[in-house]
Amino acid sequence: MPMPQMNVALVPCLQDNYAYLLWDGSGPVAIVDPSEPGPVRKALAERGLKLTHILNTHHHLDHCGGNLALKEEFSAEVVGPQKDRERIPGIDTGVSEAAPWHFAGREVTVLEIPAHTRAHIAFVLDGVAFTGDTLFAMGCGRLFEGTPDMMWSSLSKLMRLPDETRIYCGHEYTLNNGRFALTLEPHNAALQARMKEVEALRAKGAPTIPSTLGLEKKTNPFLRPDSKEIRATLGMDGADDVSVFAEIRRRKDSF
């Protein structure tokens, strides 16, 4: 008998954060990266759901600030990176690539993708990847606890997922990310087309998430250090990919 379809619902939090409700109707209900409890409670009540699991991609409070209140209210299990247990509030279960996890009868692939934080992870299941603050729509996270080489390795790991994988990231940064991307690759037709869609969505207050990995490969400059146009813009025709990536990240930091 086939598995029921996994549902994903965006839960806007704070100013530009997204948490994500995850359920298939079989009982278990997860929230990914809850920064605050209020919007999560509201989203659960609207759907008649009871929270059973809290999933964290990394330790920053805008991704786990709601852990303790939600855990207390729902007796939910907190699941997060094993290598960062001491910084995940209320953690019960530590996961890693060597210790994957099961949710609603499915094995969840855990990818270790450090650099934004030293123990950042992604959760992957049913063609969906929750990438936290490592991979954004047309962007990537700042290198708070890692190096350009580390982040490029993490992004390369995500790029090995199927192109149709839906990408659910931690923030609504897409419009600004796209504007920066156009400064590097203004003649990228896929990027131009995507920005028209993004501008239309944001003009009416609609989310730009999820993306797909295939779309990111075509339009996200942080996944495209091999682009001839980006290399020409940067004056780095003969440089290696990590050096090009590092320069893209440096420029975005001050964009």
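Coordinate-derived values only; no laboratory data. For clarity, every value in this text was computed on a predicted model and none was experimentally measured. Note that each Cβ is placed from the backbone with ideal geometry, even for glycine, and that neighbours are counted across all protein chains shown.
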Open item on the list: So the check is Cβ under 9 Å with 6+ separation or different chains; which pairs have a first residue in segment 65-83 that's touching a residue at least 12 places away in the same chain (Cβ under 8 Å) and on the phi > 0 side of the Ramachandran plot and a second one that's of a type in the set (A, V, I, L, M) and part of a strand (DSSP E or B)?
Closed with: none
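For (1) in contact with a helix residue (DSSP H, G or I) (Cβ under 7 Å, 6 or more places away or on another chain); (2) in contact (Cβ under 8 Å) with a residue 60 or more places away in the chain; (3) buried (at least 19 other Cβ atoms within 10 Å of the Cβ), each residue gets a yes or a no:
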{"site": "K204", "(1), (2), (3)": "no, no, no"}
{"site": "T208", "(1), (2), (3)": "yes, yes, yes"}
{"site": "F222", "(1), (2), (3)": "yes, yes, yes"}
{"site": "T233", "(1), (2), (3)": "yes, no, no"}
{"site": "D237", "(1), (2), (3)": "yes, no, no"}
{"site": "K252", "(1), (2), (3)": "yes, yes, yes"}
TODO: Find the residue count for segment 95-111, including only residues that are at negative phi and either buried (at least 18 other Cβ atoms within 10 Å of the Cβ) or among the polar types (S, T, N, Q) (or both).
DONE: 8
Open item on the list: I'd like the residue in segment 113-154 that is in contact (Cβ under 8 Å) with a residue 40 or more places away in the chain, of a type in the set (D, E) and out of contact with any Gly (no Cβ under 9 Å at 6 or more places or on another chain) and, out of all such residues, is surrounded by the fewest Cβ atoms within 10 Å (Cβ to Cβ).
Closed with: D149
